[in-house]
Structures are given as C-alpha cells and as structure tokens.
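Right, one structure below, let's go through it.
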2 protein chains.
Amino acid sequence: MKKYNIINWFVVAVLFFSVAGCTTNNKGKAKGQTTSTATIDPLPSWNESKNKTDIINYLVAVTDKNSPDFIPVKDRIATFDNDGTIWSEQPAYFQLFFAIDEIKALAPQHPEWKNTQPFKAVLDNDMKTIAQSGERGLLKLVMVSHAGMSTRKFKSIVKIWADTAKNPTKHVLFTALVYKPMLELLIYLQANHFKTYIVSGGGLDFMRAIIPELYGIPPEQIIGSTGKTAYDYNNGDPVIIKLAQLDFIDDKDGKPININKIIGKKPVFCAGNSDGDLAMMQWTASNNLKSFMLYVHHTDSIREWAYDRNSHIGRLDKGLDEAREKGWTVIDMKNDWKVIYPFELEK
Amino acid sequence: MKKYNIINWFVVAVLFFSVAGCTTNNKGKAKGQTTSTATIDPLPSWNESKNKTDIINYLVAVTDKNSPDFIPVKDRIATFDNDGTIWSEQPAYFQLFFAIDEIKALAPQHPEWKNTQPFKAVLDNDMKTIAQSGERGLLKLVMVSHAGMSTRKFKSIVKIWADTAKNPTKHVLFTALVYKPMLELLIYLQANHFKTYIVSGGGLDFMRAIIPELYGIPPEQIIGSTGKTAYDYNNGDPVIIKLAQLDFIDDKDGKPININKIIGKKPVFCAGNSDGDLAMMQWTASNNLKSFMLYVHHTDSIREWAYDRNSHIGRLDKGLDEAREKGWTVIDMKNDWKVIYPFELEK
C-alpha cells in the first residue's frame with residue numbers, strides 16, 4: 001500500500017515548526033498566545049477556526065516549560081480511535097469488507113457455512129443481517145473464519161487485501177480513505193514528543209497489518225480487540241495461532257480498561273467519533289494534567305458521509321451531548337476541514 | 001524508594017561510549033572485533049569473561065550500519081523477566097511477602113479467612129502450604145484480597161510497602177535486592193536505542209508501582225500477569241477497579257503470547273532465569289534478525305542464592321539444557337558478576 005508522501009515532508013516541517021516554536025517561547029511570548037502559523041502551518045488541511053486554534057494553543061501550553069500547564073514528555077500520551085476518527089467507516093467498518101471477502105474465498109472449504117449464520121448472510125450478500133450483528137458480530141466472523149491460522153499468515157493476507165480492495169461507495173482503495181487532517185494532527189503531536197496510540201474496537205491483527213505503514217504508528221502503539229491465541233513451538237519455527245475464542249473487545253468501557261492495562265498511564269489527549277469512545281474521553285478528562293478531548297463529527301455528506309445520533313455504525317449521541325456540556329472539542333468535518341482525503345489534492 | 005545514583009552517571013557514560021563506538025566503527029574497525037572498554041566500561045559490575053564479551057560484541061554488531069547483522073532501531077526490542085532475572089526471588093517471590101503483609105493487615109475485616117485457604121496458611125505463617133500454591137496461587141491471593149479496590153489505591157499501598165518492607169533473609173529492603181549488572185545491561189541496551197520491556201509472571205499493578213522508579217522503565221514497557229478490571233465512572237472521578245477474577249498469567253507460553261499481543265514484534269534480545277522464560281527464549285531465537293538469549297543462572301550461595309533444577313521457585317531445568325544445546329548465553333552469577341547488589345559498593 002502507498003504511504004502518502006505528505007507524511008514525510010510534514011515530519012520535517014512540523015519538527016522545524018516545533019523547534020521554531022520553542023525558540024519563540026524562549027523569547028518571552030505571552031502565555032496562551034497562539035504561535036504564528038504564517039510561515040509553517042502544522043495543520044494545513046484545517047480551515048482557520050476556533051477548533052484549530054484550540055488545538056494549537058493546547059500544544060503550545062503543554063510543551064512550554066514555563067507554562068503552568070507544562071506536561072513532561074513521559075506523560076504525553078495521546079490515544080486515537082481509528083474507524084471514523086482516522087479513516088472512514090462507511091458504508092460499513094472496513095474490516096467487515098475484508099471479512100466478507102475472506103469468507104467468500106474460504107467458503108469452498110466450509111460447505112456448512114451455506115446454512116450457518118452469520119456466514120449464510122455473507123454468502124447471500126445480505127448486508128442488513130450482517131450489519132445488525134455489530135462490532136461483536138464482525139469480530140466473531142473474522143475470528144471463526146481464521147481460527148487455526150498463524151498471526152504471521154493472517155498479516156500477509158490482510159496486506160494483500162489492503163493493496164487491492166476498494167470501498168464500494170467511493171470506488172477507491174480503503175487505505176485511501178484516511179483523513180488528512182487527522183494524519184497531520186498525529187504528526188503534529190509526535191513532533192511535540194507525544195506518544196500516539198491507536199485505541200480501536202477494530203481487530204488488533206487486522207490493524208497491525210495496515211496501520212504502521214499507512215499512519216507511521218508502530219505495532220506496539222496499536223491497541224485493539226483481540227481473539228485468544230496460542231503459542232506453538234512448531235518444531236523450532238514458533239508461531240502464534242489465532243483461536244476461535246474472543247479475548248477482549250476494545251470498545252466503550254474496554255477502552256479505558258485496555259489503556260490502563262497496556263499503557264498504564266492516563267492519556268492527556270484523545271480523539272474519537274462515537275459513543276464507543278465516551279469512556280476513553282471521560283478517562284482522559286479526569287487526568288490531573290491539562291487534557292484535550294476531541295470528537296470528530298461526521299457532517300459532510302458530500303465529501304465523506306453525514307451521520308451521528310441515529311447511525312448503526314459510529315453512533316454519536318450521548319458523547320455529543322457530553323462533549324457540548326463539558327466543552328470538549330467537536331470537529332465539524334464539513335466546516336473545519338479544508339481537505340478530507342489526501343487524494344483530493346491530486347485532482 | 002531510592003533510585004540508585006549509578007543509573008544517572010551510567011546513562012551519560014554509556015551514551016558517550018555508544019557515540020565513541022560509532023565513531024570507531026566508521027573508521028573501519030574489523031567486523032566482530034570487541035570495542036575497547038578501556039576508557040568507559042558499559043558493564044563495570046561484570047567480570048571480564050566470554051559472556052561479557054559476547055554481549056558487547058552483539059551490541060556492536062547490531063548497531064553498526066555497515067554490519068550484516070545491523071538491526072533498525074524500530075526492531076530493537078529487548079524483553080526481560082523480572083523475578084530472579086533483575087531482582088532476587090528468594091526465599092519466595094517478593095510479591096508473596098507483600099500479599100502476606102496485606103492479608104494480615106486486612107484480616108480483621110475478613111473473619112472468614114481464619115478457616116479458608118490459602119488465607120488460613122498466611123495467617124498461620126504456614127509458608128510451606130503457601131509456597132506450594134505457586135505463582136498462580138500467589139496471584140489469586142493478591143487478587144482476592146484486593147478485589148473491589150481501585151488500581152490507584154492499590155498502587156499507593158504497594159509504594160508504601162516497598163519503602164519499608166525488608167527481605168527476611170538478607171535484612172535489607174526488597175528494593176535493594178536488584179542486580180546491578182542487569183541494571184547496567186538495561187542501560188547499555190537503552191543507550192543503544194533498544195526499547196527494554198519487563199515481561200514477568202509477576203502482577204502487573206504490583207510491578208508498575210515499583211519498577212518505573214527503581215529501574216527507569218516506564219509503565220507502558222511493563223508486561224505482567226493481570227486480574228480482570230472494570231471501569232467505574234464514579235461520578236466524574238473515573239477509576240479502574242480490580243476484580244477477583246484472573247485475566248492472564250504472563251508465564252511460560254503466556255510470555256510470547258503477551259509479547260505478540262502487546263508489542264506485536266519479536267524481541268531480538270531477551271533475558272530470563274527459569275523454565276517459565278523458555279518459550280520467550282524460543283520466540284526470540286526464531287527472529288530473522290540476529291538475536292541474543294541470556295539466562296541468569298543462580299550459582300552464588302553466599303552473595304545471593306544458589307538453585308536451579310530442583311527449586312520450587314525459579315526452576316531452571318529444561319531451559320538450562322536447551323540453552324546449552326543451542327549455545328545461548330548462561331550467566332554464572334558467582335563468576336560472571338563482580339558485584340551483585342548495588343549496596344555492596346557502599347560497604
């Protein structure tokens with residue numbers, strides 16, 4: 001798959017910007033004042049708006065040693081949901097399309113699937129029944145279909161799929177449907193020495209096959225839903241084998257539980273787009289250090305998709321109310337983002 | 001607790017040594033040749049021996065860009081067992097003494113413990129019965145006694161204990177019984193841009209309360225055995241609550257399983273001291289990149305303890321055979337280590 005070139009020059013630009021920012025700070029810029037973005041804009045795909053200014057002001061405040069809001073590097077933990085927050089999730093979670101393609105490919109070896117749900121629905125292209133099974137149903141679909149396979153083999157299958165599979169609505173590679181503004185935000189945080197994690201309800205092995213190359217986030221900073229696995233010595237060529245049993249769903253309360261288990265620190269920055277991210281937002285907001293909670297609100301029915309309170313996928317209802325009540329940042333995709341997908345720039 | 005001062009000047013010294021090493025390499029030093037340790041020795045508590053030379057030669061080979069064994073920084077993952085590998089584990093796992101102290105303190109609130117095992121054994125000081133319950137029994141003891149407590153509260157209890165509790169045999173703080181040569185090795189690896197992880201059968205929350213300050217390893221690089229937890233919004237002051245249910249035992253096959261789940265990469269370097277580390281050693285040895293497997297063999301009955309094949313704690317039997325068969329490094333504590341505990345230098 002293609003890693004967008006924007007990433008590389010951004011790293012350079014944003015690193016430069018950071019250093020420039022530090023120098024400016026040392027010269028006694030007033031606290032809370034926005035660093036000038038006239039020369040190098042760390043978030044060029046974002047329209048000038050209060051939300052953009054709030055993000056930049058936050059980063060300036062927490063990285064300035066003389067600020068009362070300064071956060072030591074070791075505590076700069078940022079957690080990002082993935083589906084609907086960094087890449088699209090319509091007309092269904094991308095991993096569902098992978099699972100459907102896989103089940104169709106594996107069906108000849110499993111004649112019993114013709115009469116067993118949820119496999120029957122997949123083979124009948126009955127998207128309604130599949131969609132109703134939700135994230136848990138999707139994970140079961142993936143787990144059962146790949147039980148007995150090594151994680152190594154699974155990874156190679158996902159990679160091949162990601163290089164060719166296209167979104168049925170947008171007719172481009174699924175991997176092309178990443179949000180450029182969010183990639184910029186990740187890089188901006190990284191340049192300011194934040195450790196950026198993905199904390200997603202999506203399958204861990206699926207994400208790890210795609211995300212490191214696509215977003216530049218290493219496997220050890222990707223947290224997701226898991227099936228149980230087993231270790232097999234395999235005559236000296238050890239493998240980890242995927243089992244057909246659910247281990248953990250990294251969604252809702254599962255997000256702070258997994259963040260606590262795997263990271264062991266409260267984030268100071270988090271981003272999400274659905275009620276499934278609300279517990280992570282609350283957990284982040286309770287940090288004694290200055291924290292930043294960001295909801296991506298899907299408001300652009302033309303360039304992306306528009307949905308919130310009544311969507312089966314990525315429902316944002318309680319989260320939207322709580323964000324407004326508590327003054328968390330709610331990104332209006334239509335109005336806050338100049339560009340959504342990187343390929344828009346190529347047109 | 002006290003963080004040994006040796007750590008700070010070592011970081012400086014070893015970083016300097018690394019840079020000096022690079023410069024030397026660029027001037028065309030022959031491959032496989034040991035870098036001179038005459039000026040600054042990265043492992044001063046180690047006697048000059050083949051094992052020390054092998055470690056240094058490995059680090060030189062994998063960090064030299066011109067070496068066929070060069071390992072990119074992103075793949076420099078090192079995993080260390082804890083009990084018996086970085087600190088002592090006699091006359092029993094240190095966490096067992098914590099659990100005993102805790103159960104005795106909590107006993108007045110639990111009159112039923114007087115007649116329920118394993119609590120009865122603890123209250124009767126029946127160490128034999130307790131020891132026979134093994135690591136799994138110990139974990140259950142800790143979990144049940146702290147069920148319903150927040151991880152935040154648990155951490156503060158462990159910290160207070162670690163600041164005062166003494167080893168019954170050595171009559172010093174448990175936290176004083178860390179192996180200086182292994183702390184040096186951790187720092188030496190870190191200075192060469194290795195990401196060093198603890199991967200231990202010990203309880204995750206217990207270790208995270210002590211290890212970050214004592215070894216300089218951050219919470220997100222500590223992997224251990226876990227009980228299940230729950231998220232509680234707690235009227236806007238969210239907490240993670242410890243439940244009385246086992247989640248995962250990070251021992252034996254559990255080590256590569258957890259390494260795969262949490263890190264998502266095979267280590268290139270690992271250290272352990274018991275058969276519980278054997279699967280991790282095999283997993284590391286199967287890396288396509290040049291790997292280093294190190295067993296700590298407890299051979300010093302005077303300065304530390306001597307035990308291996310017949311010990312209930314830290315049994316090293318199959319692992320010792322496999323290490324010798326495959327040429328892995330086996331540290332002879334008595335002969336390889338000039339100093340074992342940091343306090344020896346204060347005498």
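Scanning segment B:102-120 for residues that are modelled with pLDDT under 90 and of a type in the set (S, T, N, Q) yields a count of 2.
Are any residues in segment B:207-225 within 11 Å of chain A (Cβ to nearest Cβ), assigned to a helix (DSSP H, G or I) and either on the phi > 0 side of the Ramachandran plot or not hydrophobic (A, V, I, L, M, F, W, C) (or both), and if so, which ones? Answer for segment B:207-225, where residues must be within 11 Å of chain A (Cβ to nearest Cβ), assigned to a helix (DSSP H, G or I) and either on the phi > 0 side of the Ramachandran plot or not hydrophobic (A, V, I, L, M, F, W, C) (or both): B:208, B:212, B:219, B:220, B:221.
If you go through segment B:68-87 and keep only what is away from chain A (no Cβ under 14 Å) and either under 8 Å from the mean Cα position of the chain (by Cα) or acidic (Asp, Glu) (or both), you end up with B:69, B:80, B:81, B:82, B:83, B:84, B:85, B:86, B:87. Counted as qualifying within segment A:106-171 are the helices (runs of 4 or more DSSP H) with 3 or more residues that are surrounded by fewer than 13 Cβ atoms within 10 Å (Cβ to Cβ), namely A:151-164. Of the residues A:157, A:130, the single one that is at pLDDT 90 or above, among the aliphatic types (A, V, I, L, M) and within 22 Å of residue A:82 (Cβ to Cβ) is A:157. Could you tell me whether any residue of segment A:169-190 is of a type in the set (D, E, K, R) and closer than 29 Å to residue B:286 by Cβ? Checked against the condition, which is being of a type in the set (D, E, K, R) and closer than 29 Å to residue B:286 by Cβ, segment A:169-190 yields no hits at all.
Going by the conditions given, is residue A:201 under 16 Å from residue A:99 (Cβ atoms), of a type outside the set (Asp, Glu) and away from chain B (no Cβ under 14 Å)? Considered against the rule, which asks whether it is under 16 Å from residue A:99 (Cβ atoms), of a type outside the set (Asp, Glu) and away from chain B (no Cβ under 14 Å), residue A:201 comes out as yes. From the list A:261, A:242, the lone residue that is at pLDDT 95 or above and within 23 Å of residue A:186 (Cα to Cα) is A:261.
Can you pull out the residues in segment B:282-297 that are aliphatic (A, V, I, L, M) and under 10 Å from residue A:238 (Cβ atoms)? Outline the logic, then answer.
First pass over segment B:282-297, keeping only residues aliphatic (A, V, I, L, M): B:285, B:289, B:293-294, B:296.
Hit for segment B:282-297 is B:285, nothing else.
Scanning segment A:34-63 for residues that are modelled with pLDDT of 95 or more and of a type in the set (A, V, I, L, M), which turns out nearest to residue A:182 (Cα to Cα)? Ranking the qualifying residues of segment A:34-63, first place goes to A:43. Cβ-Cβ contacts under 6 Å between residues 6 or more apart (or on different chains), taken from a first residue in segment A:214-235 that is within 29 Å of residue A:193 (Cβ to Cβ) to a second residue that is hydroxyl-bearing (Ser, Thr, Tyr) and assigned to a helix (DSSP H, G or I), are listed as A:214/A:175. Of all residues being within 9 Å of chain B (Cβ to nearest Cβ) and among the small types (Gly, Ala, Ser) in segment A:258-284, which is nearest to the chain's Cα centre (by Cα)? Just the residue, please. Here the answer is A:279.
The single condition from (1) on the phi < 0 side of the Ramachandran plot; (2) part of a helix (DSSP H, G or I) that residue A:235 fails is (1). Criterion applied to B:94, B:70, B:80, B:98 was being touching a Cys at 6+ places or on another chain (Cβ under 9 Å) and either of a type outside the set (Lys, Arg) or modelled with pLDDT of 95 or more (or both), and the one residue passing it is B:80.
Checked against the criterion of being surrounded by 24 or more Cβ atoms within 10 Å (Cβ to Cβ) and modelled with pLDDT of 95 or more, segment B:227-236 contains not a single residue that satisfies it.
Just the residues that are within 21 Å of residue B:313 (Cα to Cα) and not in a helix (DSSP H, G or I), please, taken from segment B:180-206. Of everything in segment B:180-206, those that are within 21 Å of residue B:313 (Cα to Cα) and not in a helix (DSSP H, G or I) turn out to be B:198, B:199, B:200, B:201, B:202, B:203.
Checking each residue in segment A:227-257 for being under 29 Å from residue A:341 (Cα atoms) and at the interface with chain B (Cβ under 9 Å from one of its Cβ atoms) picks out A:252, A:255. Set side by side, the residues B:144, B:60, B:158, B:122 differ, and just one is more than 14 Å from chain A (Cβ to nearest Cβ), in contact with a helix residue (DSSP H, G or I) (Cβ under 6 Å, 6 or more places away or on another chain) and not small (Gly, Ala, Ser), which is B:122. With respect to the conditions (1) facing another protein chain (nearest Cβ under 9 Å); (2) under 20 Å from residue B:150 (Cα atoms); (3) without any contact (Cβ under 8 Å) to a residue 40 or more places away in the chain; (4) surrounded by fewer than 22 Cβ atoms within 10 Å (Cβ to Cβ), residue A:288 falls short on a single one, namely (1).
The values are calculated or read from the model by the stated rules, or taken from the named source; none is laboratory data. Owing to the predicted nature of the structure, the values given are computational and were not obtained by experimental measurement. Reconstructed Cβ throughout: ideal geometry from the backbone, glycine too, with neighbour counts over all protein chains shown.
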